[in-house]
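The values are calculated or read from the model by the stated rules, or taken from the named source; none is laboratory data. Since the structure is predicted, the reported quantities are computational estimates derived from the model, not experimental observations. Positions of Cβ are backbone-derived with ideal geometry, glycine not excepted, and every protein chain shown enters the neighbour counts.
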Amino acid sequence: MGKLQKIEVSSHPNEIHKVLQFIERICDEKDIYNSYYGNIVTSITEAFNNAIEHGNNFSDDKNVTISFETKNDGLTFCVEDQGNGFNPLNITNPTDPDFDAETGRGIFVMGLLSDNMLFLENGAKVCFKFLISNINKETSDKRIEKLKAFLGKKVNQTIKNI
């Protein structure tokens, strides 16, 4: 197992560059590129934005902590805010035909892009596992199909052409 690494940043959108530098440094050290890098960046930045907005309510007095650890089966990133948390079971599934909200897709997308997503600390902390040894054609194809279903038919042609 690897040494725990973490950064703590102010709960402000301008701090995103520090989060991106943290992720990039780790991915460089671990030789993570291409699709997994995109999955990691998207998941962690979405969780960071959620922590600022929904967890810390844009309070500059609060911080967001991003941690990273290498485990036997992959990489684990966690994002924790100083808010009261929430119940992730109360989040509406955006693939539900009756879903009509303008927001609320981020948690769903984070779950699709990571191999495992776990909410801790009453929802104030979310951890993502990326099973690096698990990335293969079958896993990739499943992710593409889930994204196609979520994004709709218009995107299907674009994905096919990639």
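See the values below:
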item	result
Condition check for Glu102: at pLDDT 90 or above, surrounded by fewer than 16 Cβ atoms within 10 Å (Cβ to Cβ) and either in contact with an Asp or Glu (Cβ under 6 Å, 6 or more places away or on another chain) or more than 14 Å from Val126 (Cα to Cα) (or both)	no
Residue match in segment 127-149 (condition: farther than 21 Å from Glu15 by Cβ, part of a strand (DSSP E or B), modelled with pLDDT of 80 or more and of a type in the set (Phe, Trp, Tyr))	yes
Complete set of residues in segment 64-92 that are polar (S, T, N, Q) and either within 30 Å of Gln21 (Cβ to Cβ) or surrounded by 12 or more Cβ atoms within 10 Å (Cβ to Cβ) (or both)	Thr65, Ser67, Thr70, Asn72, Thr76, Gln82, Asn84, Thr92
Verdict on Val19 being in contact with a helix residue (DSSP H, G or I) (Cβ under 6 Å, 6 or more places away or on another chain) and without any contact (Cβ under 8 Å) to a residue 40 or more places away in the chain	no
Condition met for Ala47 (surrounded by 12 or more Cβ atoms within 10 Å (Cβ to Cβ), of a type in the set (A, V, I, L, M), closer than 16 Å to Phe130 by Cβ and under 14 Å from the mean Cα position of the chain (by Cα))	yes
Scan of segment 26-52 for residues that are among the charged types (D, E, K, R) and modelled with pLDDT under 95, ordered by number	Asp28, Glu29, Lys30, Asp31
Among (1) farther than 13 Å from Val79 by Cα; (2) surrounded by 17 or more Cβ atoms within 10 Å (Cβ to Cβ), the one test that Asp61 misses	(2)
